[in-house]
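I have placed the structure first, in the form of structure tokens, so that the comments after it can refer back to it.
Bear in mind these aren't lab numbers, they're just calculated from the coordinates by the rules spelled out. Worth saying up front: this structure is predicted, and the values here are computed from it rather than measured. All Cβ positions, even for glycine, are placed from backbone atoms using ideal geometry, and neighbour counts span all protein chains on display.
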Amino acid sequence: MSYELVAAVDLGSNSFRLQVGRVIQNQIYPLDSLKETVRLAAGLNAERALDGPSQLRALESLSRFGERLRGFSPGAVRAVATNTLRVAKNAPQFLAQAEAALGFPIEVISGREEARLIYLGVVHTLPNPGTQHLVFDIGGGSTEFIIGRNFSPIELESLYMGCVSYSLKYFPRGRIDKQSMKEAELAARKEIQAIVSAFRAAGWEEAVGSSGTAKAIADLIELNGMNPSGELGITQEGLDRLKSAVLRAGDIAALDLQGLRQDRLLVLPGGLAIMSAVFKEFALERMTFSDGALRLGVLYDLLGRHHHDDQREATVGQFMRRYEVDRRQAARVSQRALGLLNQVLPEAAAEDHPDVQFLTWAARLHEIGISVAHSSYHKHSAYILANADMPGFSRMDQERLSRIVLGHRGKLERVQAMTRDPRDWLLIFCLRLAALLHRARDDATMPAVQLAVAERGFQLTADALWLAASPLTAAVLEEESRQWSNLGMEFLVRVRRDKAIEAV
């Protein structure tokens, strides 16, 4: 399905942003945007829980965004949350309220996934995407670094440092002095030192900054004539002059510079310290600014999903190669599992149905853990899927894949504590039964089986002669019935003799 209008919502640690774009011939043209300074990261307490006021600010903002998005199809909107909701311990409870306020699901994305999407947004705005770029984005709670050429990132990293968190820690109440600036810069440089060698080895020809901190600093430097010879963007000399002006003021409230915006005032010192550390560790002399950022990257990633250029498909293929998956077995299990799902979920006939996608991905990846050890391989598979960097997948996506794969064999009680979603149990059942039926890992012809949803579980109807000639399968199906019974669910097996159907 294609959409004329698409929208992205970015729940950042400093600002929430909504971007609406019009799709014309696979290009996205910005149509409308909203920005609200929420400072979610400022609401994290010592126990890393979001306090009440920050949650209230966020929910009020999302309610306003939700009004703007009324009438949008679910597939035309993607909302992502970044660092603060990655680390907040009460994020699950907050997200339930946030999704109700917005009216759409919200995905918490990993740091590297955030970096990938930022690069995707930036590269679509660059005049020379074929040049190798160093891209960095100083956000409210984290800073992302990318090296890429054309539309392919080469290096992706996310560091736990941002303009909100650093401003709160090193410049409380807006007070600024040389010692605080030095401590903040050194802390940022220590973080960057962990990645700088790999990035220097990859190399770059141009440096590009994106998002609010880079824009605010670039504007201040340009509007106050701090760059040499009227250069645009940020230069090392301009950065030093801005830092000197901030230190002379001593208090952010006393800073008097052209172009200083009130919504950036409190977070400027932390962002300035991180920017200075980036310039020093990467030995930069200058950088340009790009209006492309996370929300534009989210829009292009969403567009790709609707035009059969889904990054998640590419990631699944990469994982199958990396972990040397038996592709013939994966195809057998996938085909069988989807056939079972189609029998009980008519809407699964659409290949872009979310449950069809997740079941397909789970079937293709359910054996990746064999590369670690055959014993309990489903646990290894589930661990990899939950914890590996998987471009295109949100954390919730990965957790769901992990649950489905963990449940495809072994004790179902392990999964019971992870989900109460009946959709998950249906996918687990289909994958579990498909793996069971193809245990022999061959292409032998197998009679058709019929699956139906029973009042408290599932009912399977199989050919009596085939089942009688397959004592191992019959025994395993009997054990399966006990497994589902332990969960308080039913799995009934019936046999078909000519036109008669009997319970086993």
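For this structure, a couple of remarks:
- Legend: ranking of residues R456, R173 from fewest to most surrounding C-beta atoms inside 10 Å; resulting order R173, R456.
- Over the chain, relative contact order from alpha-carbon pairs under 8 Å, at least 6 apart, %: 12 percent
- For A434, the shell of other residues with beta-carbons less than 9 Å away shows a net charge of +3, using +1 for Lys and Arg and -1 for Asp and Glu.
- When K89, K215 are arranged by Cβ crowding within 10 Å, least crowded first, meaning fewest neighbours, the order is K89, K215.
- Look at I28, I195, I109 and count the other Cβ atoms within 10 Å of each Cβ; fewest to most, that gives I195, I28, I109.
- Sum of -39500 (n - 2.57) over DSSP H runs of 4+, divided by residues of the chain (222 nm, nearest 500): -15000 deg cm²/dmol
- Over all orientations, the chain has a Cα convex hull whose mean projected area works out to 26.2 square nanometres.
- Region 437-474-region 263-306 distance, computed between alpha-carbon centres (Å): 55 Å
- Pairs from K89/K379; K35/K178; K215/K280; K35/K190; K182/K215; K35/K89 whose Cα-Cα separation, in the structure shown, is over 29 Å: K35/K178; K35/K190
- Each part gets one Cα centre, and for region 138-201 versus region 37-101 those centres are 24 Å apart.
- Note on region 126-290: the alpha carbon radius of gyration divided by the globular reference 2.2 N^0.38 Å gives 0.98.
- Between helix 294-306 and the chain: long-axis angle, C-alpha atoms, 0 to 90°, nearest 10: 30 degrees
- Cleavage-rule hits (GluC sites (Glu not before Pro)) in region 269-344: DSSP loop, at most 16 neighbouring Cβ within 10 angstrom: E285, E324
- Taking amide hydrogens as placed 1.01 Å from N in the peptide plane, the amide H of A79 sits under 5 Å from those of V9, E107, each at least 5 positions away in sequence or on another chain.
- Backbone phi angles across region 171-180, fed through the Karplus curve with coefficients 6.51, -1.76 and 1.60 (θ = phi - 60°), yield HN-Hα couplings of 10, x, 6, x, 7, 10, 9, 4, 5, 5 Hz in residue order; Gly and Pro are listed as x.
- Crossing angle, helix 395-406 versus the chain [Cα axis fit, 0-90 degrees, rounded to tens]: 20 degrees
- Sites listed here are GluC sites (Glu not before Pro) in region 328-425 whose DSSP assignment is loop and whose Cβ has at most 15 other Cβ atoms within 10 Å: E351.
- Percent RCO, i.e. relative contact order, over region 248-387, from Cα pairs under 8 Å lying at least 6 residues apart: 15 percent
- Normalised contact order of region 355-504, rounded percent, pairs of Cα under 8 Å and 6 or more residues apart: 16 percent
- Loop-located GluC sites (Glu not before Pro) in region 14-96 (DSSP state not H, G, I, E or B) with no more than 11 neighbouring Cβ atoms inside 10 Å: E47.
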